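Bear in mind these aren't lab numbers, they're just calculated from the coordinates by the rules spelled out. Keep in mind the model is a prediction, meaning the values are calculated, not measured. Positions of Cβ are generated from backbone atoms using ideal geometry, with glycine treated the same way; all protein chains shown enter the neighbour counts.
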Amino acid sequence: MDKKTWIILGSILGAVALIALWYVSLYNGLIRMNEDVNGKWAQVETQYQRRVDLIPNLVSTVKGAANFESSTLEEITRLRSQWQTSTGINERIETANQIESTLSKLLLVAENYPQLTATQNFQALQDELANTENKIAVERGRYNDAVRAFNARIKTFPANMVAGSLGYADRPYFNAQAGAEQAPQVSFA
């Protein structure tokens, strides 16, 4: 073989090697981003589980208040069970939003029971729930940041070709429940 053939062959092999390195780099980057989203979601779930674990204590404490709304207690208990048996991110997000709304209502209704709100146990649980809600908000934000970066990456060229071959699709954002900007209405009539 002459020198020109070796140069052409070397150029072709070099180009193939560069394309292979580029593909591997892109592939590994997408895998890392996907795992980051999974990890962030796991942190959201951890905080939700923490909240769900506090619910039986809260319900037990609130049950001690005479004539407390049993329908609210039943709803929060039902939602807690629904959370524990739910599968999939979308179902968990929906259940979490319902729990949040019902817990807000429960705490608002509890304010009408001074003997309840004065107990040390209720105050401690209320503080723990507030702390947990703050942690949930932080983890939701981190999750949504990771989802935004991942979704943008899998939609842009040329990563979209590699993402398609991996079966990656948009991951769901954690959006506020419709009407969440308004405080729940509570009636004592």
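Of note:
- Residue among Leu103, Trp41, Pro56 farthest towards the positive dipole end of the chain, charges placed on Cβ: Trp41
- Sites Asn90 and Asp127, calculated FRET efficiency, Cβ-Cβ separation with R0 25 Å, nearest 0.05: 0.20
- Other residues lying with their Cβ under 12 Å from the Cβ of Ile154 contribute a combined charge of +3, Lys and Arg counting +1, Asp and Glu -1.
- Listed by chain and number, the lysines whose C-alpha is less than 26 Å from the C-alpha of Lys135, apart from same-chain residues fewer than 8 away, are Lys40, Lys105.
- Inter-probe distance in nm under a simple model that places probes 7 Å from Cα toward Cβ, at Asp53 and Ser70: 3.1 nm
- Of all complete DSSP H helices in the chain, those with a Cα span along the helix axis of 27 Å or greater and a mean Kyte-Doolittle hydropathy of -0.5 or more are 3-63, 89-110.
- For Cα extents along the principal axes in Å, calculated from these coordinates, the label among (i) 98, 28, 26; (ii) 58, 36, 25; (iii) 104, 31, 30: (i)
- Longest site-free stretch - the chain; sites: GluC sites (Glu not before Pro), DSSP loop, at most 14 other Cβ within 10 Å: 1-110
- Once the chain from Lys3 to Leu21 is taken as fully extended at 0.36 nm per residue, the excess over their C-alpha distance is 3.8 nm.
- The stretch 105-176: radius of gyration and largest Cα-Cα distance (Dmax), Å: 20.8, 63
- Given the chain, longest segment not containing exposed loop chymotrypsin sites (Phe, Trp or Tyr not before Pro) (DSSP; at most 15 other Cβ within 10 Å): 1-172
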